[in-house]
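The values are calculated or read from the model by the stated rules, or taken from the named source; none is laboratory data. Everything numeric in this text was worked out from a predicted model, so none of it was measured. Positions of Cβ are backbone-derived with ideal geometry, glycine not excepted, and every protein chain shown enters the neighbour counts. Heavy atoms of the whole protein, side chains included, go into the accessibility calculation; ligands, DNA and RNA do not. Shrake-Rupley method; radii C 1.70, N 1.55, O 1.52, S 1.80 Å.
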Amino acid sequence: MSKVRVGVVGVGHIGKEHARIYSKSQRAELVGLYDADTATAKKIAGQYGVKAFPTLGALLEEVEALTIASPTSTHFEVGMAALAAGKHLLIEKPIASSVEEARELLALSEQKNLVLQVGHIERFNPAVLEAVKHIRDPRYITVERLGPYDPRMSHIGVVLDLMIHDLDILLTLVGSE
């Protein structure tokens, strides 16, 4: 079985984790990284013995699939470029800054028959996986997202940035949209 050649766009907190996991994968070959902060990209690339690409286009020429872990405001532009180039995508949540952008990404992925996946990692948290085994037909659920204000998410809001995990877990528990 040949490994899928993957790249990561955005090597901040979450992107570094994607790079680390890909570097250990039996199914994927981490080819390289791209980040607007070239110094950070070079540092992280050096940790895994891969290339820090100077442009998104250069990275897209070398991969079959891509993780987008850059700021949400870039997801649509980077995602459309990657899909137009024929690349499969894993986009960290939220998929885009608006429903309209998400629909355009989905439409292009379907048109080109490409995988488009959103990274809802909390669904695979060991505590959630265990809870799902024991919770049957919940009748009442309340969700509160508590934490300090983070200006990084001011353009999309707390619901799309963080509470989306809670909503995804909720949908997993109730098995319904």
Inset, instruction - Return the residue satisfying two criteria in turn: it lies in the range 34-54 and is surrounded by fewer than 19 Cβ atoms within 10 Å (Cβ to Cβ) and closer than 10 Å to GLY10 by Cβ, and of such residues it is nearest to the chain's Cα centre (by Cα). - result: ALA36
Inset, instruction - For the range 5-20, indicate whether the set of residues that are open to solvent by 30 Å² or more (accessible area, probe 1.4 Å) and either over 20 Å from ILE121 (Cα atoms) or over 16 Å from the mean Cα position of the chain (by Cα) (or both) is non-empty. - result: yes
Inset, instruction - Go through the range 55-85 and count every residue that is open to solvent by 20 Å² or more (accessible area, probe 1.4 Å) and either in contact with a Phe, Trp or Tyr (Cβ under 8 Å, 6 or more places away or on another chain) or farther than 24 Å from ALA96 by Cα (or both). - result: 4
Inset, instruction - Please enumerate the residues belonging to the range 105-129 that are of a type outside the set (A, V, I, L, M, F, W, C) and surrounded by fewer than 16 Cβ atoms within 10 Å (Cβ to Cβ). - result: GLU110, GLN111, LYS112, ASN113, GLN117, ARG123, ASN125, PRO126
Legend entry - strands (runs of 3 or more DSSP E) enclosed by the range 45-120 - at least 3 residues per element that are within 14 Å of ASP35 (Cβ to Cβ): 65-68
Legend entry - Single residue of GLY7, GLY86, GLY15 found to be within 17 Å of LEU116 (Cβ to Cβ) and touching a residue at least 40 places away in the same chain (Cβ under 8 Å): GLY7
Legend entry - the range 142-167: number of residues that are more than 22 Å from the chain's Cα centre (by Cα) and either at pLDDT 80 or above or among the polar types (S, T, N, Q) (or both): 1
